[in-house]
């Protein structure tokens, strides 16, 4: 069972998401690399939750951006199954 995310941890996740949203294009890896302790399943879950809120607030570009980040991080953490290259 997944560990509950504390309010303090959630606040750190939100702060990191805000940094990602305002950083110059292409600087996202540096922003993420600066906070490696926050890159975990809870952060990915928070990214998805925030992207959902953005989609409902008529910010589809922001939502897509966060989903992209979530998917890439999930792949790096082994939480997102890669599709096989061959369709056999």
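Taken together, the values in this text are just the output of simple stated rules run on the coordinates, not laboratory data. Only a predicted model underlies this, so the values are computations on that prediction, with no experimental measurement involved. Don't worry about glycine lacking a Cβ; one is built from the backbone with ideal geometry, like all the others, and counts go over all protein chains shown.
Before moving on, here are some points about what is shown:
- Applying 0.36 nm per residue to the separation of residue 57 and residue 71 and subtracting their alpha-carbon distance, the gain on full extension is 2.9 nm.
- Semi-axis lengths, Å, region 8-52, gyration tensor of Cα atoms, sqrt of 5 times eigenvalues: 16, 12, 9
- In this simple spin-label approximation, residue 49 and residue 8 carry label points 7 Å from Cα along the Cα→Cβ vector, and these lie 1.8 nm apart.
- Put simply, the C-alpha atoms of region 1-75 give a gyration tensor, and the ellipsoid matching it has half-axes of 18, 16, 11 Å, longest first.
- By the helix-only formula, in which each DSSP H run with n ≥ 4 contributes -39500 (n - 2.57) and the sum is divided by residues, the chain has a 222 nm mean residue ellipticity of -20500 deg cm²/dmol.
- Relative contact order of the chain, defined on C-alpha pairs under 8 angstrom at six or more residues apart (%): 22
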